[in-house]
Amino acid sequence: MQQIQLTENIYYVGVNDRHTDMFENHMELPNGVSYNSYLIVDEKVALIDPVEATFLEEYLFKVKSVLKDRKVDYLIINHDEPDHSSTVAAVLREYPEVQVVGNAKTFAPLEAFYGPIENKKTVAEGETLSLGSHTLQFFMVPMVHWPESMVTYEQSSKIVFSNDAFGGFGALNGGIFDDQVNLAFYEDEMRRYYANIVGKVAMQALKAIEKLSALEIKMHPMEQARV
C-alpha cells in the first residue's frame, strides 16, 4: 500500500466509507465520507485520532505499514464522537502501552463509551507535548461541535489538525491536497456539512477561528472530519 505523507514523517492513515447511506440517520451521503487520521513518527510516535470501528482492519494495516515494528506512544483524542473514536479500545489492545491524550472533558464520555482507560494524559489550553523534533500544542474549541472538542497544532511543520471545524462530506478519491482533487466538489460538500452540523454552533466556530488566527498555519488537513 502506498504511504501518503503530508510532510516528512507525518502520514495520512485515514479510510474511506462508501457504504454508509445516511450520516446520523438523517443526512444523505451520496458521495460517501472519509474518517481521517494522522500519524507522526519521531522519537515518540503520535496517532492523531482513530477512525470508525467498521474500518478497523484497514486502519491498523495502514498504521502498521508505516510503523513496522514500532509502537504508538501517544493516541491524541481531539473529539469523542464515535466516528472519530470508536476504534479507541482496539488501538489500546494493539498498543497496550499507549498513553491516551485528551483534555479535562475528554475522558468521562470516552470511558463511558469504551470502558476504563488506565494510561491517560490530560492536557490544558496551550500545553505542549514533545515527540522529539515535532512538538504538539493543544487548543480547546468547545462546542465545535461537542464540549470536549480541541485541535492539535504541530509547531515545526505548522500543521493544525482542525477537528470538525473544517469538515465536509464526500469520500476521498486518491488525493488529500487541494490541488490533487476537484476542489469545487468538496467545497459544495463542505457547505452542506457546515449548514447541517457546524452552522448551529457558528458563534463557537468563529471564536475558535479567532483563537487560532495567531498561529502560523501552512496546512490544515481535515481531522477525522469526513472529507
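The values are calculated or read from the model by the stated rules, or taken from the named source; none is laboratory data. Bear in mind the structure is a predicted one, so any value in this text is a computation, not a measurement. Here the Cβ is made from the backbone with ideal geometry for all residues, glycine too, and neighbour counts use every protein chain on show.
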Examine the stretch 170-183 for a residue that is within 25 Å of V13 (Cα to Cα), of a type in the set (D, E), touching a residue at least 40 places away in the same chain (Cβ under 8 Å) and touching a Phe, Trp or Tyr at 6+ places or on another chain (Cβ under 9 Å), and state whether such a residue exists.
no
Of the residues L110, L129, L92, which is among the aliphatic types (A, V, I, L, M) and touching a residue at least 40 places away in the same chain (Cβ under 8 Å)?
L129
Specify which of the listed residues (V160, V144) is buried (at least 16 other Cβ atoms within 10 Å of the Cβ), of a type in the set (A, V, I, L, M), in contact with an Asp or Glu (Cβ under 7 Å, 6 or more places away or on another chain) and under 29 Å from V41 (Cα atoms).
V144
Against the condition of a type in the set (D, E), out of contact with any Cys (no Cβ under 6 Å at 6 or more places or on another chain) and in a helix (DSSP H, G or I), how does E58 come out, does it pass?
yes
Out of the residues in the stretch 121-165 meeting the condition of being part of a loop (DSSP other than H, G, I, E, B) and among the aliphatic types (A, V, I, L, M), tell me which one is nearest to I209 (Cα to Cα).
V141
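In the set D179, D188, which member is closer than 30 Å to A214 by Cβ and either assigned to a helix (DSSP H, G or I) or touching a helix residue (DSSP H, G or I) at 6+ places or on another chain (Cβ under 6 Å) (or both)?
On the way: D188 fails: closer than 30 Å to A214 by Cβ.
It is D179.
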Does F166 fit the bill of being over 20 Å from A104 (Cα atoms) and either of a type in the set (S, T, Y) or touching a His at 6+ places or on another chain (Cβ under 8 Å) (or both)?
yes
Looking only at the stretch 123-138, decide whether some residue is at pLDDT 95 or above, hydroxyl-bearing (S, T, Y) and buried (at least 16 other Cβ atoms within 10 Å of the Cβ).
no
A careful count of residues in the stretch 200-218 that are modelled with pLDDT of 90 or more, surrounded by fewer than 12 Cβ atoms within 10 Å (Cβ to Cβ) and in a helix (DSSP H, G or I) gives 3
Taking the stretch 29-67 on its own, how many of its residues are more than 11 Å from the chain's Cα centre (by Cα) and of a type in the set (F, W, Y)?
3
So which of D83, D73 ends up being modelled with pLDDT of 95 or more and either surrounded by 14 or more Cβ atoms within 10 Å (Cβ to Cβ) or of a type in the set (F, W, Y) (or both)?
D73
For the stretch 105-141, enumerate the residues that are under 18 Å from L47 (Cβ atoms) and of a type in the set (K, R).
K120, K121
Hey, does the stretch 91-111 have a residue that's at pLDDT below 95, buried (at least 18 other Cβ atoms within 10 Å of the Cβ) and of a type in the set (F, W, Y)?
no
Would you check which residues across the stretch 116-168 are of a type in the set (F, W, Y) and closer than 22 Å to E97 by Cβ and list them?
F138
Among the numbered conditions (1) under 27 Å from F55 (Cβ atoms); (2) touching a strand residue (DSSP E or B) at 6+ places or on another chain (Cβ under 9 Å), tell me where Q155 comes up short.
(1)
